[in-house]
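See below for the structure under consideration.
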Amino acid sequence: MLEFRKDIFADERDDNLIEIGQPTQRQDILGHVTGTSPFYDDHRFANLLHLKILRSPHAHARIRSIDDSAAARAPGVKRIIRAADVPVNLNTLLSLIQFGKDDEPSLAADVVRYKGEPILGIVATSERAALEAMALVRVSYDQLPAVFDVEEALKPGAPSVNPTYPKNTFEYYGKYDHQKLRFGDVESAFKQADLVLEDRYQMSPIEHAPTETNGSIAVPDTNGRFIVYTSTQALFFSLDTAAKINAMQSNQLHFIGGTVGGGFGGKVDTMTEPLAILAARLTGAPVRYRFSRHEEMQFGSPRGAERISIKDGVMKDGRIVARQVRAYFDSGAYTRLSSYAVVKCVAHIPGPYTIPNVHADVYCVFTNRTPATAMRGFGVTALDFALESHMDKDAVALGIDPLEFRILNAYRDGDMKAHRREAKNCALIECAQVAAEKANWPLRDEFRRLSSRQGGGPARTGGAADRARAPAIAPAAAPPQPMPQRVAYERPTPAAPARTPPTPPPRSAPPPPTAPTPAGSTHGAPRFSSVFGTRRR
Amino acid sequence: MAKHRGRGVATINYPVGMNLGGDPSQALVHSNPTGKFTVALSSIDLGQGMKSVTRQICAETLGVPVEDVYVDTADSDTGPHCMGSFASRGTHRVGNAVITAAREARAVMLEAAAEELEVDPGDLETDGKGSIRVKGAPHRSISVRDVAIAAQFKQGKTISGRGIFLVPLSDVDPETGEMSPATCYAHACLIVEVEVDDETGEIAVLKMTSAYEIGRAINPKLVEQQLVGGSWMGMSHALYETPEPYYPNTRDGPRDFNEYLMPGPGDICQHDIIVLERPAPDGPFGAKGPGEMCANPVLPAVANAIFNAVGVRINELPITPEKVLKALKARGGGAAGASSGRAP
């Protein structure tokens, strides 16, 4: 099922290693397969209390009043936790790395901004007692207009979701409502392109769906410390977040993680620890706060939805000369980590291809839905779906094999990327070649011979990078190159095959394996001449 | 009514570590009095094998058998800071921190051994089996156990080391987006074959073939589990999953696994994987991180394969039978137009 191609890049590797590269059995495997590895919820406490959260039934509403008097008197209830009980009731996760403003309360004080937003905590002797008491809480709301579509949210007069960012967009650098990418000149390139293709892509939210839902147990220790058993993916990140919200010193908290029953990015947000600790402080007893499956599915952060529009300018010889991307990240009601993913998305544009003109605007937009967060491939997964779907459409429109089209445009060592750093250590071409060979996807000889290590260089982007202010920002960037005054893709290798005018077939099917370009038919006008150079075999 | 087969491809890369850097991790390595080592971390093993990867890296760097190393992690009182297990950063960031810590511990271990053998530490080498010997004179050797005992009880040395790895935080130019997002990238190409039923709109994923370039496979079995699991997630993202089936309309959200659709074991297909290793200059033994990227190529490859099979483009995820049927109907229905240009 898994094999290695050790022959490729062998000259860059030291393979005389002892432990590295061995399929060593993991040290915890016996615990995992015998069901004895300890999860946070395997810790047992005789006097354990349970925290359940009353959540908003509305997507956007002003809380007029809360009457929890009957709930407070209900059997088994030890404590009601209200917004006013939270020491620091406004936080944003990335404040730990000084990115963004505090915008999210642990418990909503006056306004709820998504269906499922926490309003009130009930600490009781059992989950059942807490849930039964919750049914006795009376909350009256004034419903407010809500917005669920990212582009609707940007229109003038749209309901304002998040008072920290009243225009419904995260603020970048104190002045922009989006992250920009500017490289070369897309407008001129679109005018010169043989073909311009535009399309729009949408990824819906996706749930992490861990086997173990988010949860934690906070246990009072001596000296005013608390031990917190947690399912977090990021121990100190969660510890520092919980300390901030509870106005505690970090060394008052002793976090113990361990086996995690599935993370995928959904256990970074520290959704249970701060209130579990607060409940333990207020009651003096161990408190468990764990999400039900319903809470995990609908009110734990999902992978956020993304809407991505792509416009490509392509030449008949297969070169992509311009790529413009406009994308909207649906952050839900609060920032959490979406602001970070926007920048990561911009860094990923235009994908692993060398394109001389690239332009992108990516927005982090607030809507009245469950706040989104990190998930495996954060900022990249939906973009890759859009880019690679669009690459296929480009290839079909040009009548070029979709895999050869990718190899043709793949970045190589020495190329200049759109974020103005030199491409190094590239291997996209080799992956394409190896996968094609294994899957019997026919590639013509000249594509089988290409290498990530040859033919790259700043000339492929027309020296666009030299116009950048690269040295001012990162001295580690490539040294300035003399700027070639042309948009030419000079590639010394390989030999040019015969030029076949692109015949646009309606389908993206790879050419039949029986009919690859014969090795001998390389005379005549060079194909992809501007790309491969004009050297003949 | 017919079933149509198609093939699709995607090629991707993926950045290793948090975007822009600024995400440190630390490691502490020390020997007990009989030459067995502990790596102290606070990094979380999510099942991806964090403990195995760091254990093998530590053993290789120290020059001792992997059985002589255990990794203790996920306790904030005993483990030094780690940013967390996300962003494909564990192997790269924590692995590098472990190398630094293990090198420091190894230097003390060799000093202690040199004192026992009355040679220069520079003349010593480890055999990876639990002994330290004089280069070129293997009969002059001492076990790591005896070195640790001597260091602890005779020489008063602590065989230990500290490590941290930090990629300095990059600025971002607000006007151009100029930045240093990552120091290294992993790569992949994935080809997928699907079968589309033009009557029901149902899609079966028949086979995947992929090539992944990941710098260095520290543990091939862990790489395989990531890549196989990731492709399953990618297929699930492509065809099944969302808590908001009518996004941006919020109605009909699933509440449990009866309502939240995912493929079952019977839907999983053969996946031939080939691993390439082009070492990252700053990776631990060249390693990058395959953790997140392996779902990504599956989504577009499946969409492209569906087009190849029945000639419709679905731009909205997940690609449900409902969307396929609507697209087929909009284009004239059935398999019309889908018979030409079939995949080989």
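Think of each Lys and Arg Cβ as +1 and each Asp and Glu Cβ as -1; about the Cα centre, that makes the dipole of region A:300-375 roughly 60 debye. When the helices of the protein assembly as shown are scored as -39500 (n - 2.57) per DSSP H run of n ≥ 4 and the total is divided over every residue, the value at 222 nm lands at -6500 deg cm²/dmol. When the P(r) is computed for region A:388-450, the part past 17 Å accounts for 46% of the Cα-Cα pairs.
Kirkwood hydrodynamic radius computed over region A:170-312 comes to 18.3 Å, based on all pairs of distinct alpha carbons. The Cα trace of region A:258-409 gives Rg and Dmax of 20.5, 73 Å, the first to one decimal, the second as a whole number. Excluding residues fewer than 8 places away in the same chain, name every one of the aspartates and glutamates whose C-alpha is closer than 15 Å to that of A:K167. Correct list for A:K167: A:D103, A:D149, A:E151, A:E152, A:D177, A:D330.
Under 13 Å from the Cβ of A:Q22, count the other residues' Cβ atoms, weight Lys and Arg +1, Asp and Glu -1, and hand me the total. Intermediate results must be reported in sequence, preceding the final value.
Details: positive: A:R26, B:R55, B:R216, B:K221; negative: A:D15, A:E19, B:E60, B:E67.
Local net charge: 0.
The orientation-averaged projected area of the convex hull spanned by the Cα atoms of region A:76-168 comes to 7.9 nm². Within region A:6-82, all pairs of alpha-carbon atoms sorted by distance into 5 Å bins from zero give the percentages 3, 8, 10, 10, 8, 8, 7, 8, 7, 6, 6, 8, 5, 4, 1.
With a cut-off of at most 14 other beta carbons within 10 Å, and DSSP calling the residue loop, which GluC sites (Glu not before Pro) in region B:245-312 qualify? Please list them.
B:E259
Treating each Cα of region B:200-258 as one equal point scatterer and applying the Debye formula with no solvent, the log10 of I(q)/I(0) at q = 0.13, 0.21, 0.31 Å⁻¹ comes out as -0.55, -0.94, -1.31. Residue-normalised convex hull volume from the C-alpha trace of chain B: 189 Å³ per residue. Between the Cα long axis of helix A:273-283 and the first principal axis of chain A there is an angle of about 10°, rounded to the nearest 10. Each 10 Å bin from zero up to the one holding the largest Cα-Cα distance in region A:343-413 carries the following percent of pairs: 16, 43, 28, 11, 2.
The overall shape of region A:271-322 is prolate: from the C-alpha gyration tensor, with semi-axes ordered a ≥ b ≥ c, the ratio a/c is 1.5 or greater and a/b exceeds b/c.
Over the protein assembly as shown, all Cα pairs binned in 20 Å intervals from 0 give whole-percent P(r) values of 15, 45, 32, 8, 0, listed from short to long.
Applying a 4.7 Å Cβ-Cβ cutoff to chain A leaves A:C345, A:C364, A:C426 as cysteine residues with no disulfide-compatible partner.
By a straight-distance test (C-alpha under 29 Å), which lysines pair with B:K207 as possible cross-link partners, with residues fewer than eight away in the same chain excluded? Reachable lysines: A:K6, A:K393, A:K438, B:K3, B:K221, B:K288, B:K323, B:K326, B:K329. Check each of the GluC sites (Glu not before Pro) in region B:63-158 and keep only those in coil by DSSP with at most 13 other C-beta atoms within 10 angstrom; list them in order. Hits after loop and neighbour filter: B:E118.
Give the dimensionless ratio obtained when the Cα radius of gyration of region A:337-464 is divided by 2.2 N^0.38 Å. Present the calculation step by step, with values, prior to reporting the outcome.
On the way: Rg = 16.5 Å, N = 128, 2.2 N^0.38 = 13.9 Å.
Region A:337-464 yields a ratio of 1.18.
At a Cβ-Cβ separation cutoff of 4.7 angstrom, cysteine residues of chain B with no neighbouring cysteine are B:C58, B:C82, B:C184, B:C269, B:C294.
Of the trypsin sites (Lys or Arg not before Pro) in region B:106-165, the ones in a loop by DSSP (not H, G, I, E or B) with at most 13 other beta carbons within 10 Å are B:K129, B:K135.
Every number here is computed from the coordinates shown, using simple stated rules; none is lab data. Note that this is a predicted model, so its numbers are computed, not measured. Every residue, glycine among them, receives a Cβ derived from its backbone with ideal geometry; neighbour counts consider all protein chains shown.
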